Every structure is written in structure tokens, then in C-alpha cells.
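Scroll down for the structure; my scribbles are underneath it.
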Amino acid sequence: MNTNALRSWAEIDRAALRHNASVVRERIGTNVQILAVVKANGYGHGMVGVAQALADDAQLFGVANLGEAMQLRAAVPHPIIVLGPALPQERVSLIQNKFIPSVSTLEEAEEFDRVAGSGPIQINFVIDTGMGRMGVPENDAVALFKKVSALPNTEIHSVSTHLPVSNEDADYTRAELARFAQLVRQLRAEVPGDYKVHVLPSAGVLAFADPPFDMERAGLILYGISPLPEFQKLLRPVMTLKTRISLVRDMPAGSSISYGRTFITPRKMRIATLSAGYADGYPRHLSNRDAAVLVRGQRCPLLGRVTMDLMMIDVSQIEGTDVGEEVVLMGQQGEEEISAEELAQRAETISWEIVTRIGSRVQRVYV
């Protein structure tokens, strides 16, 4: 796609996606399935484009809800697990389209089984081992699993849990994994079957993939962002977020910049206005926090508050900067790079939010 007419866009590197998938494969071995998590519009990278790029690398895809599953089904033939709880009115569509819903209670399972009629419906049986978000309580898991697996129209596709602190607390995570592994052994002994087991998210794949179980949920790692900084060198960032200079002005000393007059020019400065703002997903929390963008491979400071559609930078040190020039908000340009992690630290948030918040008017361009 020709980007000359675009005001703001995100370039998505397909080769980097596939490289990161190969890193996952190297860490989990050849006998473990990759469940590529493409929810939240492919972590902001474009769900359909990401799935198509990973079609040969992933065996399954994971989404958050029915709407995402329907959109994805039109693009790829792979099994799709809906990782979030289903609303009652969504159950029929989940069954009709042969999606794999995630079930946390006996009542949910019974209702799916009833709606399925002659079935069978495949489900992902979720166990809560510490996340507290969804899933059967750990101590009740065996008894409830027996009841769910005995339902006439229900087939257990997989058993899963989630790790709440895999990127923060290694000791807790190892203990949680040991408890879950013991629970899985008990389930398999008391309810034999060919159901798969998955637990490890991206941090788990990087640091706790022994054993890897049967499937791995690769999310953030696929997009080239490591939840554990020590592994970042293995990955290639997939997204470069770009915009253009829409206006350049020479401002005298004492000029106020943006809402609230939080920045006053200390001297004559050359100020560029960029064609992006917080409506495009650039965090307003980066205002007045020493954030920078890249112009011609040089860091240019962000000035004042980020506004809805525009923001201002200092280009005084760059000779001849002009309207229409390309600016990198996140990514590499020349020898300089502004990573998602850098933006997250300055905005006091997490890398996941930085990429998933990028707005719909930012065109995704696959390269």
C-alpha cells in the first residue's frame, strides 16, 4: 500500500511475526501446538492480517469474544477458542459456528449442553489457580470436571488455567504450575481422554516452558514485545507506528504550547504539529513526561499535552523540517528506537495497553 496519503498508520512486519512464532516453536518443541492469541484486534496489529500471516505457524487461534471469533472465521479455517466467558445470548452462535467456548461453572456447561441438542459441543474447561477472573475453583475442579465430562452433548477439548504473575513472581508461578500439573495428572487418571492442556502465556513460554503441556497461548511474544526484558533480544518488534508533520512554525520565547499552558517555550523554537493524538491511541499520559518521537532518526521532544487529534514536538535541531515529513511514534528509525516498553514506562502503564489502544483510524499496513 502507498502510505503517501496517510496521516497516521502502523506498519506491521509479517516477517517479524513469523520470526517470533519460530522463537515460540524453538522453546516449546515440535509436539506442542501453538494457540496464537489474536484478541483485541491482534493486540492492535490487526487481527485478520496477523492471523493470515501466522496461518502456517499456529494450529489454533484465541479470541476474547464471539464478535472477534466471527470476524476471524471469515479469514482462517483454524479452530478458534473463545477465551472469555460467553453471554447467554451468544451460546447458540458459538455452537452453530463450532467455536470452542471457555466454561467456568457447571451451570454454564449444562446450558451449553442443553442448547447443543444432539451435539457434541467442544469446550475449554477453565480452572482458577490464582487469577481470580474466571474458572472453576481449584479445589472443586476434579468433582466438577467429572460432572461436565459426563454431559451427553459435551466434549472436553481442553483444560486450562492462567498465570497472574508470570512476569512478576517466579516463585509463585512455579508453585502454581506444580499445583496445576498435579491437578492435571489427577484429572487424566480419573477422567481419561484426549483433551489438551494449556496454561503458559508469553512470559510462561519464555521462562517456564518445562513442561510445556500440550498447547501454548502465545500472545504478546508474537508481536515482538517481551513481558520479561531479559528475553527481548530474541524477538523482533512487529509494529512501527507512524504519523506526519502537518504544520511547522517558528515560535518566539514565552509561547504557550497546548492545553493548560503546561509548556512555555524558553527560547525561540521551531515547533512541528503532528497529525496524531490520543484518539489515535497515543497515550495522553505521555504529556510532559520527557517522551520523544523520531524525525530523520533523531529524538525530538514531545511538548505540552497530547490533544485528541494533534500533538507538538520540538524540531529546532533538525534543519529544514517540513510539512508531510514522516515521524515515528513507536519503532525504529535509523539507529534510534522508541519501544513499546519505553512508552509504557513513561506513561506508567504496560506494553499490552500501548499497542492494543491504537485507534481504528490508524491504518494497518502489512509489509
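The values are calculated or read from the model by the stated rules, or taken from the named source; none is laboratory data. Worth saying up front: this structure is predicted, and the values here are computed from it rather than measured. Please note: Cβ atoms are built from the backbone with ideal geometry, for glycine as well, and neighbour counts cover all protein chains shown. Side chains included, ligands, DNA and RNA excluded: accessible areas come from the protein's heavy atoms. Shrake-Rupley method; radii C 1.70, N 1.55, O 1.52, S 1.80 Å.
Need one value: the accessible area of Ile34 in square angstrom, 1.4 angstrom probe, rounded to the nearest 10.
10
How many nm is it between the label spots at Thr3 and Arg267, if each spot is 7 Å from the Cα in line with the beta carbon?
Output for this residue pair reads 3.3 nm.
Restricting things to alpha carbons, tell me how big the range 224-314 is in terms of Rg and Dmax, in Å.
Gyration radius and largest Cα-Cα distance of the range 224-314: 15.1, 47 Å.
What is the Cα centroid distance between the range 201-238 and the range 330-367, reported in whole angstrom?
Using only Cα atoms, the two centres lie 18 Å from each other.
Calculate the radius of gyration of the Cα atoms of the range 1-129 to one decimal place, then report Dmax, the largest Cα-Cα distance, as a whole number, both in Å.
16.8, 55
Accessible area of Val23, 1.4 Å probe, to the nearest 10 Å²?
Val23 exposes around 10 Å² with every protein chain in place.
At 0.36 nm per residue, minus the direct Cα-Cα distance, what do Ser255 and Ser118 gain on full extension? Give it in nm, one decimal, please. Present the calculation step by step, with values, prior to reporting the outcome.
Values: separation 137, 0.36 × 137 = 49.32 nm, distance 7.24 nm.
Additional length available on full extension: 42.1 nm.
How much length would be gained if the chain were fully extended between Val92 and Gln363, taking 0.36 nm per residue of separation minus their Cα-Cα distance, in nm to one decimal? Write down the numbers at each step before the final one.
Working: separation 271, 0.36 × 271 = 97.56 nm, distance 3.36 nm.
Extending this stretch completely gives an extra 94.2 nm.
Per-residue accessible area for Lys196 at 1.4 Å probe radius, Å² rounded to 10?
It works out to around 80 Å².
Suppose we look only past 26 Å in the calculated P(r) of the chain. What percent of the Cα-Cα pairs does that tail hold? Don't jump to the answer; show the numbers that get you there.
Values: 37205 of 67161 pairs.
So the portion of pairs separated by more than 26 Å is 55 percent.
Summarise the accessible area of the range 199-356 (1.4 Å probe, protein heavy atoms) by the percent that is carbon and sulfur. Please report the intermediate quantities before stating the final value.
Working: 3220 of 6650 Å².
Carbon and sulfur atoms account for 48 percent of the accessible area of the range 199-356.
Which value, in debye to the nearest 20, gives the size of the charge dipole of the range 131-227 about its Cα centre, when Lys and Arg are +1 and Asp and Glu are -1 at the Cβ? Don't skip to the answer; put the middle values down first.
Details: 9 positive and 12 negative charges, 46 e Å.
It comes to approximately 220 debye.
Could you calculate the FRET efficiency of Val323 with Arg18 from 1/(1 + (r/R0)^6), where r is the beta carbon distance between them and R0 is 30 Å, rounded to 0.05? Show your work: numbers first, answer last.
Working: r = 37 Å, r/R0 = 1.22.
Once rounded, the FRET efficiency stands at 0.25.
Rank these residues by their accessible area, most exposed first, probe 1.4 Å: Tyr366, Tyr259, Tyr195, Tyr172.
Numbers: Tyr366 60, Tyr259 155, Tyr195 15, Tyr172 85 Å².
In descending accessible area the options line up as Tyr259, Tyr172, Tyr366, Tyr195.
Would you calculate, for the chain, the mean residue ellipticity at 222 nm contributed by helices, counting each DSSP H stretch of 4 or more residues as -39,500 (n - 2.57) and dividing by all residues, to the nearest 500? Write out the running numbers ahead of the final one.
Details: 11 runs with 102 residues, N = 367.
So the helix-based figure for the chain works out to -8000 deg cm²/dmol.
Using only the Cα atoms of the range 37-93, what do you get for the radius of gyration and for Dmax, in Å?
Cα-based Rg and Dmax for the range 37-93 come out at 10.9, 34 Å.
Please list, in order, the residues from the range 168-186 whose amide nitrogen is less than 13 Å from a point placed 7 Å along the Cα→Cβ vector of Leu234.
Flagged as within label range: none.
Could you go through the range 120-136 in sequence order and give the Karplus-derived ³J(HN,Hα) for each residue, using 6.51 cos²θ - 1.76 cosθ + 1.60 with θ = phi - 60°, rounded to whole Hz, and x for Gly and Pro?
Rounded to whole hertz, the list is x, 10, 8, 10, 9, 7, 9, 10, 8, 10, x, 6, x, 10, 6, x, 5.
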